[in-house]
1. Given a cut-off of under 8 Å on Cα pairs at least six residues apart, what relative contact order in percent is computed for the chain?
2. Report relative contact order for segment 30-152 in percent, whole number only (criteria: Cα-Cα under 8 Å, sequence separation at least 6).
3. With viscosity set to 1.306 mPa s and temperature to 10 °C, compute the Stokes-Einstein D of segment 170-320, Rh being the Kirkwood radius across alpha carbon pairs; µm²/s, no decimals.
4. Using helices alone, I'd like the mean residue ellipticity at 222 nm for the chain: each DSSP H run of four-plus residues gives -39500 (n - 2.57), total over residue count, nearest 500.
5. Restricting to bridges with both residues inside the chain, how much of the DSSP beta-bridge set is antiparallel, in percent to the nearest 5?
6. Take the solvent-accessible surface of the protein heavy atoms, probe 1.4 Å, and return the percent of it on the chain that carbon and sulfur atoms account for.
7. Restricting the count to DSSP beta bridges whose residues both fall in segment 1-87, what percent are antiparallel, rounded to a multiple of 5?
8. Keeping all protein chains in place, calculate the accessible area per residue for the chain (probe 1.4 angstrom), answer in Å².
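The values are calculated or read from the model by the stated rules, or taken from the named source; none is laboratory data. These numbers were taken from a predicted model, which means no experiment stands behind them. Ligands, DNA and RNA are stripped out before the accessible areas are found, and what is left, the full protein with its side chains, is counted by its heavy atoms. Shrake-Rupley method; radii C 1.70, N 1.55, O 1.52, S 1.80 Å.
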Amino acid sequence: MLNKQTTVGVAGASGYGGAELLRVLHDHPAFEVGVVAGGTTAGLPLSEVFPHLRDDTPLVASLPGSFDGCGLVFLATPHELSASLAPALVDAGIRVVDLSAAFRLDSSTFEQWYEMPHPAPGSTPAVYGLPELFADDIPAAQLVANPGCYPTAALLALLPLRDLVVPESLHIAGLSGTSGAGKGLRDDLHVTHASNNVAAYGAPSHRHTPEIEQAWNRLTGARSAVTFTPHLVPMPRGLLCTVTADLLADVDADQVRQAAEKAYQDSPFVTVVAAGRWPSTTHLRGSNGAALGVAVDPRTRRVTASCAIDNLGKGAAGQAVQNANLMFGLPQDAGLSAVGVYP
Ligand SMILES: NC(=O)c1ccc[n+]([C@@H]2O[C@H](COP(=O)([O-])OP(=O)(O)OC[C@H]3O[C@@H](n4cnc5c(N)ncnc54)[C@H](OP(=O)(O)O)[C@@H]3O)[C@@H](O)[C@H]2O)c1
């Protein structure tokens, strides 16, 4: 058992991502939560916002100085706030894992898709924190940009296909539960609308599209655009991305399965389901796991790869803690051994 040797802060502790961070960190062997920060909830005890956490610690304002004494801060905040907090924290010598999109993209792509100035133009100050792809870059990082929920599932499905498919041929369908949009009230998230309803949204210009493209192009060396269509589904949490792509000549089903199994043979979190089966979000709920299924259609010579995660787990808070573990030289599954909550 490790000592709780690092004090951490959580900004956005009164949001869905923050709540899940605090739940995961509750039993973490090395990180002790010392500061919880909110916005409109500053001043309230955490237990008033999230009774399930059974913690009366008062929320403080999300200001850089609030985190003095922390070795690490998780930012579970909107990208505008992360963009201002992260540089100040890093300047103060505090390492940061940012769950927002503020540091995931190169500056011109960010400005094009998010319509605001990049917080650190002209440089790439953050490491893209998808450990299954870029684990070597994370341990030395001062600032880790935690991937988006859809890009996490899409890229975990794509990684084994990097040398097997035509890079430009990707079609990705994403399905997310309503917590993916955060706790704010919106007409399309109202239970009257969202229950008993499924609909596409945001296509073809959802902001996670360039994030998937950027990582895929880095993996393949291509300069391809992807088609990404997200859907909102009536469940509180859970996310699935299903990728289809053209196989390169001579690639067969056995090669695809072997590539998937090889890619994740040492992964503590990603499992490949047996041939003929497909992953379900319900088996990942509350865990940092991801499940991947693959199949080849010999008629069309296309491959289907489907990856299920918990959007708040591997798609947000779980992955953020996985990144923090790597940054602090801990086993990447420290505090993350929980299996899914089922049924
Ligand atoms: N939800 C997901 O599945 C998911 C997955 C991956 C990444 N993310 C990203 O994670 C971040 C948080 O998402 P979320 O779903 O947790 O959002 P959320 O439920 O809406 O929570 C947002 C949090 O940010 C705080 N906040 C908002 N504006 C603030 C301000 N001006 N000053 C201080 N605090 C402020 C809120 O505090 P108060 O409530 O106290 O005002 C709340 O704690 C976002 O960048 C999101 O894109 C979310």
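1. Details: 780 pairs, mean separation 58.1, N = 343.
17 percent.
2. Relative contact order here is 19 percent.
3. 96 µm²/s
4. Value at 222 nm, helices only: -7000 deg cm²/dmol.
5. Details: 26 of 56 bridges.
The antiparallel fraction comes to roughly 45 percent.
6. Using a 1.4 Å probe with all protein chains present, the chain comes out at 53 percent carbon and sulfur.
7. Rounded to the nearest five, the antiparallel share is 10 percent.
8. 43 Å²
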